[in-house]
Amino acid sequence: MRKPPPIPIRLIVIGAIAVVMIIVNLPFIWMLVTTFKTEAEVFRIPPSFIPTIFDLRNYERAFQIVALDRYLLNTLFVALSVTALQLVFNSLAAYGLARIPFRGRKIVFAMLIGTLLVPPEVTMVPLYIIVRQMGMFNTYRALIVPFMSSAFGIFLLRQFFMTIPKDLEEAAIMDGAGRMRIFWSIILPLSKPALWTMSLYVFLAMWNEYMWPLVIINDLNKQVIQVGISQFVSGWEVQWTLRMAASTVAVIPIIIFFLFVQKQFVEGISISGMKG
Amino acid sequence: MVVLPSLTTQFIFIYLPLIWAVYISFYNWNMIRPMRYIGLDNYTRMFSNESFWNSMWVTFLYIIGTVPASVLIGLGLALLLNIKWLKGRGIFRTAFYIPVITSMAAAAVIWAWIFEGNYGLMNQLLSAFGIGPIRWLADPNFTLIALMIVGVWKRIGYNMVLFLAGLQNIPSTYYEAAEIDGAKTWTKLIRITVPLLSPTTLFVVILQFIASFRVFVSVSVMTQGGPARSTEVITFYLYENAFRYLRFGYASAIAVVMFILMMVFTVLQFRISKNRVHYG
């Protein structure tokens, strides 16, 4: 093991990384600063990074002009529903694929994983028609039902279930436990980290979803936050203070949440290497 | 059967639409009048349509502009964060990852403000160097560049984390052996890290390629394909045909071509790289 380089060089490297870090996050800093400026202050040259007003008036006005509270609740409802459903369906499917031998298991697994190769843009038009014909156009169900299970979640959970030693189950079978009982009292409690990681991914993906709600939801009362903040209400597009306030509402809760759970999150990518 | 609910939903909401997309692409259909079979007309119309080729060209430029940049910057950051004596690695990693977890829609709204022509931050910063002002989102020469910057910014953290995972998999014995032979940092990088990282690199390139091919949200929020179709990428072209002009058959033909192209490119990249990738 060689000695690390002298301290000045180390400081230069760390300084360089820190500068890049600030540049990468500058848009968020700029967003926050803008929300604490007056409409006139925003159009001043040169721009200042120091806020001028220290209250939430831009946020209040943003909430008045666009129904942000409504969008937030809608999004929360949809994202939580999808996460709950995926926990149930994905873990069941993953258990079946990991532990229950049945004919055609490999084919079923391949078919499920194969869906990852199909980009949502390609199936969007027929999916739109199918969902419409099921009578779900403009409903929350349209945002929930098609996403009840995901190949990504099944894959992640299956990989985890397969690492659980079989001895535990064999002991339970000796004691007369059925499959469902093993699943419920042995597999699931042992898989909490994987279930948690999957839930984070699913929730985040649903929170950030834009394209599908854009096409399938017409009724603004049922719209989600990402489409809500990017819509063009007359006059809204030039009021950058308000648009930044709306973006802050959509972004900051997620960033704060992420800071708490980032460890599971980043490790999840290394496990699965999927889902961008 | 426990797998059945998932299998059914995946079938109804992914495979059925995929098959149906191919089917509809042979029809003329706008949801109002009944479907009419027109054979390959949608395809022949598409291939003789300038707008289609424009969208292919714009998408191609976007891919060329984003894939190398986001992969190389991601690799560079990963190499920096992988330095052994570096402190605060976790903080840096988290900070670089923040753009990845934020929604593209919100990010695009923020970037639209940064790229604003008169008072946007980008032009203000550039004016310090005597450049500009550039009308980023109004001048067809610059709109795609603006979108590329957003696309690269959004993805470098993701690529970095994939590279970091790849770097962890390189056995440290290689480096120890090289150090005994007196190898310099640069030599180790070129002779050990780069070759042994090549499976990860291939993986990152393919994922980035697909992500760039699928760009939609930033276009939809920031430019709506304009001005003068300068940012009308293939996904936005598909979206407009389907949901603005209600040409479902034509839009499905675009979707089918998109799908085939993505498959072909993925397979090609695997093939081409097969001989060059070293599995340590």
> Based on the Kirkwood radius over alpha-carbon pairs, what is the Stokes-Einstein translational diffusion coefficient of segment B:109-162 at 20 °C with 1.002 mPa s viscosity, in µm²/s?
Replying inline: 181 µm²/s
> How many angstrom separate the Cα center of segment A:142-189 from the Cα center of segment B:34-51?
Replying inline: 47 Å
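Within segment B:206-280, which chymotrypsin sites (Phe, Trp or Tyr not before Pro) sit in a loop by DSSP and count at most 11 neighbouring Cβ atoms inside 10 Å? Walk me through the numbers before you get to the answer.
Values: sites: B:F209, B:F213, B:F216, B:F236, B:Y237, B:Y239, B:F243, B:Y245, B:F248, B:Y250, B:F259, B:F265, B:F270, B:Y279; in loops: B:F216, B:Y245, B:Y279.
Within segment B:206-280, the qualifying chymotrypsin sites (Phe, Trp or Tyr not before Pro) (loop, at most 11 other Cβ atoms within 10 Å) are B:Y245, B:Y279.
Using alpha carbon coordinates only, what is the Rg to Rh ratio of segment B:121-280, with Rh defined as the Kirkwood radius? Display every interim value, and only then the final one.
Numbers: Rg = 21.3 Å, Rh = 19.2 Å.
Ratio of gyration radius to Kirkwood radius: 1.11.
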>> Apply the Karplus curve 6.51 cos²θ - 1.76 cosθ + 1.60, θ = phi - 60°, to the phi angles in segment A:183-197 and return the couplings in whole Hz, x for Gly and Pro.
In response: 4, 6, 9, 10, 5, 4, x, 6, 9, 3, x, 5, 4, 5, 4
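Give me Rg/Rg_expected for segment A:181-254, where Rg uses Cα atoms only and Rg_expected = 2.2 N^0.38 Å with N residues.
On the way: Rg = 18.2 Å, N = 74, 2.2 N^0.38 = 11.3 Å.
So segment A:181-254 has a normalised radius of gyration of 1.61.
Taking a ≥ b ≥ c as the square roots of the Cα gyration tensor eigenvalues, with a/c under 1.5 meaning rounded and otherwise prolate when a/b beats b/c, else oblate, which class fits chain A? Please list the in-between numbers first.
Values: a/c = 2.59, a/b = 1.42, b/c = 1.83.
It is oblate, given that a/c is not under 1.5 and a/b is not larger than b/c.
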> With contacts defined as alpha carbon pairs under 8 Å and 6 or more residues apart, what's the relative contact order of chain B in percent?
Replying inline: 30 percent
> What would the Debye formula give as log10 I(q)/I(0) at q = 0.07, 0.11 Å⁻¹ for the alpha-carbon point model of the protein assembly as shown, no solvent?
Replying inline: -0.45, -1.13
> What ranking of A:I225, A:I252 emerges when the number of other C-beta atoms within 10 Å of each C-beta is taken as an exposure proxy, fewest first?
Replying inline: A:I252, A:I225
> Which three extents, in whole angstrom, do the alpha-carbon atoms of segment B:1-154 cover along their principal axes, largest first?
Replying inline: 61, 50, 25
> How large are Rg and Dmax for segment A:7-55 when only the alpha carbon atoms are used, in Å?
Replying inline: 15.1, 46
>> Just to be sure I understand the model, the point goes 7 Å from the Cα along the line to the Cβ. What's the resulting B:Y245 to A:N218 distance in nm?
In response: 2.1 nm
> Given labels modelled 7 Å from the Cα in the Cβ direction, how far is it in nm from B:R271 to A:Q133?
Replying inline: 3.6 nm
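From the square roots a ≥ b ≥ c of the eigenvalues of the alpha-carbon gyration tensor of segment B:220-274, which class results: rounded (a/c under 1.5), prolate (a/b over b/c), or oblate? Let's see the in-between values first.
Working: a/c = 4.09, a/b = 1.71, b/c = 2.40.
It comes out oblate by the Cα gyration axes.
To make sure I understand, if each residue's beta carbon is the centre and we count other beta carbons within 10 Å, what order do A:I17, A:I154, B:I260, A:I7 fall in, fewest to most?
Values: A:I17 20, A:I154 30, B:I260 11, A:I7 8.
Arranged by neighbour count, lowest to highest, A:I17, A:I154, B:I260, A:I7 become A:I7, B:I260, A:I17, A:I154.
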>> Show log10 I(q)/I(0) for segment A:66-224 at q = 0.11, 0.15, 0.16, 0.17 Å⁻¹, two decimals, from a solvent-free Debye sum over equal Cα scatterers.
In response: -0.53, -0.86, -0.94, -1.02
> Given H placed on each backbone N at 1.01 Å, which residues far from B:Y27 in sequence or on other chains put an amide H within less than 5 Å of it?
Replying inline: B:I38
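How big is D, in µm² s⁻¹, for chain B by Stokes-Einstein at 37 °C and 0.692 mPa s if Rh is the Kirkwood radius over C-alpha pairs?
It comes out at roughly 151 µm²/s.
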>> Neighbour counts of other C-beta atoms within 10 Å: give me B:K87, B:K154 arranged from fewest to most.
In response: B:K87, B:K154
>> Please compute the modelled spin-label separation between B:Y23 and B:T187, points set 7 Å along Cα→Cβ, answer in nm with one decimal.
In response: 6.5 nm
> Lysine pairs, Cα distance under 18 Å, 8 or more residues apart or cross-chain: how many in the protein assembly as shown?
Replying inline: 11
> Scattering from the C-alpha atoms of segment A:106-185 alone, worked out with Debye: what is log10 I(q)/I(0) at q = 0.13, 0.17, 0.20 1/Å?
Replying inline: -0.64, -0.84, -0.97
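Here, each number is a calculation from the coordinates, and none is a lab measurement. Fair warning: this is a prediction, and the values are worked out from it, not measured in the lab. Glycine also receives a Cβ, built like all others from the backbone with ideal geometry; neighbour counts cover every protein chain displayed.
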